[in-house]
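Everything below concerns the one structure shown next.
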Amino acid sequence: MRHPGSLLRELDLDKTRFLALVALAADLKRAKEAGVERKSLTDKNIALVFEKTSTRTRCAFEVAAHDQGAHVTYLDPAGTHMGRDESVPDTAKVLGRMFDGIEFRGFAQETVEQLADNAGVPVWNGLTDSWHPTQMLADVLTMTEHHPGPVERISVCFVGDGHNNVARSLLITGALLGMDVRIAAPRELRPPADVVATARELAKTSGARVLVTEDAEQGVDGVDFVYTDVWVSMGDSPEQWDVRVPLLTPYRVTEALMKATGKPDTKFLHCLPAIHDRTTVIGEHLHERYGLDGAEVTDEVFSSPRSIVFDQAENRLHTIKAVLVTGLAS
């Protein structure tokens, strides 16, 4: 049976619990900034199991745990037998006897579900190909910090690959919380039909406004936040760039698209890492092959005062800390 402190997808939370985690994260953030944080996880042990490497997720979990007095063990993609020499359930049973909680970041949602079903301790999804719940908590904290009204008045549009984990999670989160949430994506990369149907069902109760459109300018019209993500995710074939570049270039977040919101104070969000110039290996490759300077977002937007992506990145720490504190107290 799954531990009640687990978090595997956004739908594990109702609106009240979701916003309670965001509120706790805001309190923990203020306490850290003031130097008055109290440790509530002293001598707890947490395993970080990574099939997919990460900067923000690993650092946020490690710093959050250390700030609260817990110890972490990082298991990199080659650091366990899981899935290769040992089944996921067997690995879960071993880790569950040694650790108080387990974070997993990887590919299949089924893997994190099997860990939760067999570990007997809280399991937290740091990202799978299907869902990214810890990112959503950070995103909502960031949006509430930059929006003066209640969460129900926030409007946000994800532009780009609407089929990926961040777009799916944002659609469900917005619908759960009663937001105005939109996805602007080509037909080939729309969110899965069952995810859209779930979002529309949630909206009947929450009062959310849900829009899925192929028209990027319609999607961003009047929104408070424009959100995008990389066009090809970790683990996808590099050949996907040949498909995605022509398909997604019309959904690139440019100065013109930001102006199409009709609001000078619209903010830009990105879960990072972002391809916004030619200073990385992949950025230079995309310039040489496709003539792009950046990909999903231009540097003009990414580096502008409207970009709050580093607030968003920092908030991974505070919201993950809230997840750990709540999960290990359950």
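A few notes on this one:
- Selection within the range 272-283 - in a loop (DSSP other than H, G, I, E, B) and small (G, A, S): A274
- Meets criteria (over 22 Å from the mean Cα position of the chain (by Cα) and over 21 Å from M98 (Cα atoms)) for A31: yes
- The single condition from (1) touching a strand residue (DSSP E or B) at 6+ places or on another chain (Cβ under 6 Å); (2) without any contact (Cβ under 8 Å) to a residue 24 or more places away in the chain that V94 fails is (1).
- Residues being in contact (Cβ under 8 Å) with a residue 12 or more places away in the chain and polar (S, T, N, Q) - total across the range 1-40: 2
- Residues that are among the hydroxyl-bearing types (S, T, Y), surrounded by fewer than 21 Cβ atoms within 10 Å (Cβ to Cβ) and touching a strand residue (DSSP E or B) at 6+ places or on another chain (Cβ under 9 Å) within the range 267-306 comprise just one, S304.
- Considering residues of the range 19-44 that are in a loop (DSSP other than H, G, I, E, B) and of a type in the set (G, A, S) only, the residue surrounded by the most Cβ atoms within 10 Å (Cβ to Cβ): S40
- Unique match (being at pLDDT 95 or above, assigned by TED's automatic domain parsing to the domain that holds D224 and in a helix (DSSP H, G or I)) among L292, L324, L269, L286: L286
- Screening the range 221-235 for residues that are aliphatic (A, V, I, L, M) and farther than 15 Å from L248 by Cβ and picking the one that is surrounded by the most Cβ atoms within 10 Å (Cβ to Cβ) gives V223.
- Residues that are assigned to a loop (DSSP other than H, G, I, E, B) and under 15 Å from T298 (Cβ atoms) within the range 251-265 comprise R252, T254, A260, listed in sequence order.
- When G69 is tested against the conditions (1) in contact with an Asp or Glu (Cβ under 9 Å, 6 or more places away or on another chain); (2) under 28 Å from N164 (Cβ atoms); (3) in contact (Cβ under 8 Å) with a residue 24 or more places away in the chain, the lone failure is (2).
The values are calculated or read from the model by the stated rules, or taken from the named source; none is laboratory data. Predicted, not measured: the structure shown is a model, and the values here were computed from it. Here the Cβ is made from the backbone with ideal geometry for all residues, glycine too, and neighbour counts use every protein chain on show.
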